[in-house]
Amino acid sequence: MERTKAQRSLMKALGIQSGFWSMGRITGELYAVLYTASKPLTLAELSRELNVTKGNVSVAIRRLEELGMVRRHYELGDRRVFFDANIDFWDISRHFLGRRYQPTFAASFQLIADSLRQAESEGDTFVSERIQMLKNFYDVLDQLTNLLMAMTANELASLVQLAGNALGPGAEDVPGE
């Protein structure tokens, strides 16, 4: 399939972004292909489209499925697996935010709490204060994530609009404030 200039540009953009997030350029390009495809595609079609091996496509597809960005489909009478892009970005965001409950994060947060208790038992106030600051930050992020995950896309859009109005004009020009 011949890609338009816009599709090739999107592939490049998403390839750069996925590279930034250490997912590999092909992962972003693959999502761009699926996002702009008018119908679900097979591994073989994706492999041809990106000019990479089916193995590379398979690895990238699994990553995108883990992130809730791609879904697999089966067609009656066809043994092939078809893939299409999840285009509901709020659904993708919720899926991504929900990953913080994985055992890795739980273990990390537990280690931070353990580190705080250890620093306090050792009487190391400087380290205790630093760890407490980090723990407080993580607690606020976790609360914010819970609030965001409970919102609909429309509620989130309204909240963003309210926040923008509260900050006033030009607020977006002041980084870090």
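Nothing in this text is a laboratory measurement; each read-out follows from the coordinates by a stated rule. Here the structure is a predicted model, which is why all the values come from computation and not from measurement. Cβ coordinates were reconstructed from backbone atoms using ideal geometry, including for glycine residues, and neighbour counts include every protein chain displayed.
Quick rundown of the values:
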{"quantity": "Extension reserve of the Met149-Tyr101 stretch, reckoned as 0.36 nm per residue once the Cα distance is removed", "calculated": "16.0 nm"}
{"quantity": "Sites matching trypsin sites (Lys or Arg not before Pro) across segment 44-132 that sit in DSSP coil, with at most 10 neighbouring C-beta atoms within 10 Å", "calculated": "Arg79"}
{"quantity": "Angle in degrees between helix 25-35 and the longest Cα principal axis of the chain, rounded to the nearest 10", "calculated": "60"}
{"quantity": "Proximal lysine pairs, the chain, alpha carbons under 22 Å, eight or more residues apart or interchain", "calculated": "4"}
{"quantity": "Gyration tensor (alpha-carbon) shape descriptor, segment 92-170, a/c threshold 1.5", "calculated": "oblate"}
{"quantity": "Positive-end residue of Ala60, Ser158, Phe105, charge dipole of the chain with Cβ unit charges", "calculated": "Ala60"}
{"quantity": "Added length on full extension, which subtracts the Cα-Cα distance from 0.36 nm per residue, Ser158 to Ser115", "calculated": "11.6 nm"}
{"quantity": "Gain on full stretching of the segment that runs from Asp139 to Ser9 - 0.36 nm per residue minus C-alpha separation", "calculated": "42.9 nm"}
{"quantity": "Loop-located GluC sites (Glu not before Pro) in segment 71-123, at most 15 other Cβ atoms within 10 Å (DSSP)", "calculated": "Glu75, Glu122"}
{"quantity": "Within the chain: Cβ-based charge dipole about Cα centre, in debye rounded to nearest 20 (Lys, Arg +1; Asp, Glu -1)", "calculated": "1060"}
